[in-house]
Amino acid sequence: MPYSLAIFDLDGTLADSFPWFLRTINDVADHFNFRRVKDEDIDELRHASSREILSRLEVPLWKLPAIARHARRLKAEAAAEISLFAGVETMLRTLAEHGVQLALVTSDSEANAREKLGEAAELFSHFDCSASLFGKPAKFRRVIRRAGVEPGKVIAIGDEVRDIEAARAVGIACGAVCWGYAAPAALRALGPDHVFERMDEITDVLCQIRRVG
């Protein structure tokens, strides 16, 4: 079935923010009094789910809103350090030219997202930002309603286990990218509908599906 709407995550999917995250996480840990991340912890955490990460770092759920607000402020200050992955704008323009509506659902603020996207922000029809760690399903549903698209014609594309879980919670297809925060093996283990190893595979798959349809 052809996809009429593609919902993208931002960090780790379109924006190369993982290096910034690694430079920043221990300052945030000290500020909010949770476990620091050691170099030897990184690979294990990339294979873990969001809840497992919170448990291992001893982050209480009640602190998450404050941590998210703090992280958004830090990202705004570091905007110049975070760029889009190579090929993102070409990929987004190709999808838009083939009639795929584009939406962005992210934990970042809309202002930060638009700054990171630059001119590519104009390609998006829908923004639903400042999502909580486990709040993406509700935002997916809201975007789908606004877009007026049947769930069966929607795909969510992200780089974390929670992106796959959120897509499945609302009954839409999920695509996982291999260049973001989570380890590709952790994503493949969940059996997403599509696994993208290169940026141009997104357009190859979505545009080919539309041509077949």
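Since every read-out is calculated from the coordinates, none of them should be taken as a lab result. Keep in mind that what you see is a predicted model, and the values were worked out from it rather than measured. For neighbour counting, all protein chains shown are included, and Cβ atoms are generated from backbone atoms with ideal geometry for every residue, glycine included.
Observations, loosely collected:
- Reducing the stretch 137-213 and the stretch 51-65 to their Cα centroids gives an inter-centroid distance of 25 Å.
- Extension gain, S132 to A169, is 11.8 nm, computed as 0.36 nm per intervening residue step minus the present C-alpha separation.
- Here the relative contact order of the chain, from alpha carbon pairs under 8 Å that lie six or more residues apart, stands at 30 percent.
- Mean Cβ count within 10 Å, highest first, over the residues of peptides 102-113, 122-133: 102-113, 122-133
- Between the amide H of F127 and those of L104, distances stay under 5 Å, these residues lying 5 or more places away or on another chain, with hydrogens modeled in the peptide plane.
- Under the simplified labelling scheme, the A86-D39 pair shows an inter-label distance of 2.6 nm, with each label point 7 Å from Cα along Cα→Cβ.
- Descending Cα extents along the principal axes, the stretch 14-62, whole Å: 28, 23, 23
- Two-decimal log10 I(q)/I(0) for the chain, as the Debye equation yields it once each C-alpha is a single scatterer, q = 0.18 Å⁻¹: -1.38
- Whole-Hz Karplus values for the stretch 2-17 come out as x, 8, 9, 9, 10, 9, 9, 7, 9, 5, x, 10, 9, 10, 7, 9 Hz, taken residue by residue from phi with 6.51 cos²θ - 1.76 cosθ + 1.60 and θ = phi - 60°; glycine and proline positions read x.
- Amide H to amide H, with H built 1.01 Å from N, V195 comes under 5 Å of A176, counting only residues 5 or more places away or on other chains.
- Projected label distance in nm at K63 and N26, using a 7 Å step from Cα toward the beta-carbon: 1.7
- Computed over Cα pairs, the Kirkwood radius of the stretch 132-213 leads via Stokes-Einstein (0.692 mPa s, 37 °C) to a diffusion coefficient of 250 µm² per second.
- For I157, the residues whose amide H sits under 5 Å from its own are I7, F8, D9, G175, ignoring neighbours fewer than 5 places away on the same chain, with H placed 1.01 Å from N.
- Stokes-Einstein diffusion for the stretch 45-117 at 37 °C, viscosity 0.692 mPa s, with a Kirkwood radius from C-alpha pairs, works out to 221 µm²/s.
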